[in-house]
1. Specify the residue that is surrounded by the fewest Cβ atoms within 10 Å (Cβ to Cβ); the eligible residues are those in segment 213-222 that are assigned to a strand (DSSP E or B) and either in contact (Cβ under 8 Å) with a residue 12 or more places away in the chain or hydrophobic (A, V, I, L, M, F, W, C) (or both).
2. Scan segment 175-197 for residues that are charged (D, E, K, R) and either within 11 Å of ILE213 (Cβ to Cβ) or at pLDDT 90 or above (or both) and jot them down.
3. Does ILE80 satisfy the condition of being crowded, with 16+ Cβ neighbours inside 10 Å and over 20 Å from SER228 (Cβ atoms)?
4. State yes or no: is LYS172 at pLDDT below 65, touching a helix residue (DSSP H, G or I) at 6+ places or on another chain (Cβ under 7 Å) and closer than 30 Å to LYS237 by Cα?
5. In segment 50-86, which residue that is under 15 Å from the mean Cα position of the chain (by Cα) and touching a residue at least 60 places away in the same chain (Cβ under 8 Å) is nearest to ASN103 (Cα to Cα)?
6. Suppose we filter VAL40, VAL8 for residues that are assigned to a loop (DSSP other than H, G, I, E, B) and either within 15 Å of the chain's Cα centre (by Cα) or free of Cβ contacts under 8 Å to residues at least 12 places away in the same chain (or both); which single one remains?
7. Kindly evaluate ILE191 against the criterion of being loosely packed, with under 15 Cβ neighbours inside 10 Å, over 24 Å from HIS84 (Cα atoms) and β-branched (Val, Ile, Thr).
8. Does segment 65-80 contain at least one residue that is basic (Lys, Arg) and in a loop (DSSP other than H, G, I, E, B)?
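The values are calculated or read from the model by the stated rules, or taken from the named source; none is laboratory data. As the structure is a computational prediction, the values presented were derived from the model and not from experiment. Don't worry about glycine lacking a Cβ; one is built from the backbone with ideal geometry, like all the others, and counts go over all protein chains shown.
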Amino acid sequence: MIYFVSDVHLGRLERKKDKKNENLFLEFLNFIEKDCTTLVLLGDIFDYWFEYKYTIPKYFYRTLAKFEQFIAQNIKIIYIMGNHDFGHKSFFLEEIGIEIIKNDLFIELLGKNFFISHGDGKLPKDYVYRALKKILRNKICQFLFSIIHPTIGIKLAIFCSNASKKNSVKAKSKNTKRLKDTLIPFAEKIINQNTNCDFVVMGHTHKVSNIKITSPDGAFGTYINPGSWLECPQYAKFDGINMMLIEMNTPLDD
């Protein structure tokens, strides 16, 4: 079974609430490990991530330990970098055994063709964000950030994340309809250009979507977005035939 989850944003909430969010995420991981062959993390699992030579954010150790347990059990983890957890270096690969994928991914899973991406920077006029993305992922910029004391650096990361959160809330209140459709045109483009693409799976928008898309030549694919763990915790699972979106308020032992 292939499982997909996106935008858990561990570290965004006040610590007491954030721990409840992490407990729910760990409950999900404990539940799926009995039949999971591949776990696809679609980015922004952490609301901020920046690792220093000898330091990583301390609050996420339980989640990191669970990821390491998955790898030890030969459960594959595909981790797509998001726009919040972009500060990955070597820790995940060297200490846990998970390669952080910085770009979009075409991959075959259980005999079907998938396009997998976090989804950031996909709007045609998203010039400002794409420029900012290049700056944030620039090696020189990351080096300069790395020489800041970790306590200050992580506080700065939290501040920037909260500022981003406020802007996204304002945008949502101004134009809810636009947010609903943000990634659908891009998903249509991918399926139209790649007629053998069965599924486009992305996160980023915090909008749960399960949309059938038909290309001009009659081929069709499906756009899936599990949404955000903050608004309505959901995950997607694929058994080789069916792709299902499941809400976390559904009893996990069903």
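1. Looking at the filtered set, the residue picked out is PHE220.
2. The answer is GLU188, LYS189.
3. no
4. Taking the combined requirement at face value, the residue satisfies it.
5. GLY82
6. Unique residue meeting the criteria: VAL8.
7. Here the answer is no, as ILE191 does not meet what is asked.
8. For segment 65-80, residues basic (Lys, Arg) and in a loop (DSSP other than H, G, I, E, B): absent.
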